[in-house]
Amino acid sequence: METVILAVVIAVVVLGAIGGLVVGSRRKRPLPPPPPTAPDITAPPAEPHVGDEAEAPSDESRRTIEEVGLPGGPAPVVVEEPSAEAPAIEVPEPTAGRLVRLRSRLSRSQNALGQGLLTLLSREHLDEDTWEEVEDTLLTADVGVQPTQELVESLRERVKVLGTRTPQELRALLREELLKLVGTDVDRAVRTEPEGRTPGIVMVVGVNGTGKTTTTGKLARVLVADGRTVVLGAADTFRAAAADQLQTWGERVGAHTVRGPEAGDPASVAFDAVKEGKEMGVDVVLIDTAGRLHTKTGLMDELGKVKRVVEKHAPVDEVLLVLDATTGQNGLVQARVFAEVVDISGIVLTKLDGTAKGGIVVAVQRELGVPVKLVGLGEGADDLAPFEPEAFVDALIGE
Ligand SMILES: Nc1nc2c(ncn2[C@@H]2O[C@H](COP(=O)(O)OP(=O)(O)OP(=O)(O)O)[C@@H](O)[C@H]2O)c(=O)[nH]1
Ligand SMILES: [Mg+2]
């Protein structure tokens, strides 16, 4: 009798292990689709086979070995294990109000630009020297020569009219003038919803290390947070690690990444990404490209080709130039060349958290006549914010 019970226990343990009843070691990751198995035409169709349960739908509740009752034993208690089956896909933070949430990251620019200007303007006597200091402050923050002159001229005029100045009045004045420079009547939406077709196509370009891949990944999260579906195209084929980096971002939000062979043709990867995006019926295809120096003609030509090849499918809806805000005026030179080659439609200013030169927002828009659409304010996955002039200026001049 004892041997019979022992045999039953062993049988249950073995079958349980084979059948996938033990879930403790299972990682919280979405499962890849099971490999196709050849149908066994000799067996009657309704008969279950050993191992069949291993392919049970992943949403079926599973039992641990402790919960399996032996014949005649107490009724099994089925414990719900929602966490064991939940996919590891992250839920990105909502995009609304991100700039407000991240405003403290602009503290360097705030101290250097906003507070600097407010302090100068609160002086009792606004003499020539003070105005020169105002000018220097703006120039140091990379606002650019022309915008600086405009702002100083306008401020001088308005301060004169104001007569006595309270801190509140000064703050309001400066806010208005800075907003005028940054521009409040521009459409800053990233264009991902072309009329009458899907997917929307976005290309991300820029020199080495500005934050293109990071931005592409963060943007995928933004889109997913807004309920859109995304395919990523790893058109940086210089290094396998570049495609891995992008794919990791994609996996975190359940977005598929299309990649090609290392050192392969980036244009064909970009083409395939849009093709797969179409076939999968996703909303947006985001194409990450390799960093390239604007001075290397061959590489710039290659970038132009990537865009032209993608446009065999449909026009590219958005070409985002990623600029590292800490490189200051040098970014403007890059911007000009990229704009010539691929017709930039929006700017992403990254690393604004690490610089006192927030004024570059003004300068770069002037230079290109293209709006800043997104700003990077940190290395965290949700540290990319839609650019909102009011929130930005408020952050610069503080409460
Ligand atoms: N502090 C800060 N770091 C950032 C930001 N955006 C990107 N980075 C960092 O910048 C570094 C380069 O980012 P990548 O996205 O790999 O840059 P890339 O342009 O794709 O680089 P290449 O493909 O080599 O040209 C990484 O360490 C990022 O974490 C940002 O907004 N703030
Ligand atoms: Mg990259």
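Here are the numbers for this structure:
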| quantity | calculated |
| --- | --- |
| Only one of Leu293, Leu303, Leu299 that is more than 22 Å from Arg101 (Cβ to Cβ) and part of a loop (DSSP other than H, G, I, E, B) | Leu293 |
| Test for Lys278: is it basic (Lys, Arg) and within 13 Å of ligand 1 (Cβ to nearest atom) | no |
| Count of region 343-380 residues which are among the β-branched types (Val, Ile, Thr) and assigned to a helix (DSSP H, G or I) | 4 |
| Tally of residues being crowded, with 24+ Cβ neighbours inside 10 Å and away from ligand 1 (no atom under 13 Å from the Cβ) across region 224-249 | 3 |
| Residues within region 250-276 that are of a type in the set (A, V, I, L, M), more than 20 Å from His313 (Cβ to Cβ) and surrounded by 16 or more Cβ atoms within 10 Å (Cβ to Cβ), tallied | 1 |
| Residue list for region 315-334, filter: touching a Gly at 6+ places or on another chain (Cβ under 9 Å) and aliphatic (A, V, I, L, M) | Val319, Leu320, Leu321, Val322, Leu323, Ala325, Leu332 |
| Filter result for the condition that a residue is in a loop (DSSP other than H, G, I, E, B), surrounded by 12 or more Cβ atoms within 10 Å (Cβ to Cβ) and within 37 Å of the chain's Cα centre (by Cα), over Arg191, Arg165, Arg175 | Arg191 |
| Some residue of region 266-273 being within 15 Å of ligand 2 (Cβ to nearest atom), at pLDDT 95 or above and either in contact with a helix residue (DSSP H, G or I) (Cβ under 7 Å, 6 or more places away or on another chain) or under 20 Å from Gly376 (Cα atoms) (or both) | yes |
| One residue from Thr210, Thr184 being surrounded by 14 or more Cβ atoms within 10 Å (Cβ to Cβ) and assigned to a loop (DSSP other than H, G, I, E, B) | Thr210 |
| Residue in region 213-237 that is nearest to Trp249 (Cα to Cα), counting only those that are in a loop (DSSP other than H, G, I, E, B) and within 16 Å of ligand 2 (Cβ to nearest atom) | Asp236 |
| Pairs with Cβ under 8 Å, 6+ apart, first in region 199-217 and acidic (Asp, Glu) and near ligand 1 (Cβ under 8 Å from one of its atoms), second in a helix (DSSP H, G or I) and modelled with pLDDT under 95 | none |
| The listed residue being crowded, with 24+ Cβ neighbours inside 10 Å and more than 16 Å from ligand 1 (Cβ to nearest atom), out of Val284, Val322, Val333, Val306 | Val284 |
| Qualifying residue in region 333-342 (condition: free of Cβ contacts under 8 Å to residues at least 12 places away in the same chain, more than 19 Å from Leu232 (Cα to Cα) and not in a helix (DSSP H, G or I)) | no |
| In region 245-265, the residues that are within 15 Å of ligand 2 (Cβ to nearest atom) and part of a helix (DSSP H, G or I) | Gln245, Leu246, Gln247, Thr248, Trp249, Gly250 |
| Meets criteria (within 13 Å of ligand 2 (Cβ to nearest atom) and in a helix (DSSP H, G or I)) for Ala242 | yes |
| Ala395, sole failed condition from (1) touching a strand residue (DSSP E or B) at 6+ places or on another chain (Cβ under 7 Å); (2) crowded, with 21+ Cβ neighbours inside 10 Å | (1) |
| Residue identified as in contact (Cβ under 8 Å) with a residue 40 or more places away in the chain, in contact with a helix residue (DSSP H, G or I) (Cβ under 7 Å, 6 or more places away or on another chain) and closer than 23 Å to Ala235 by Cβ among Val310, Val361, Val372 | Val310 |
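The values are calculated or read from the model by the stated rules, or taken from the named source; none is laboratory data. As the structure is a computational prediction, the values presented were derived from the model and not from experiment. Ideal geometry is used to build each Cβ from the backbone, glycine not excepted, and the neighbour counts take in all protein chains shown.
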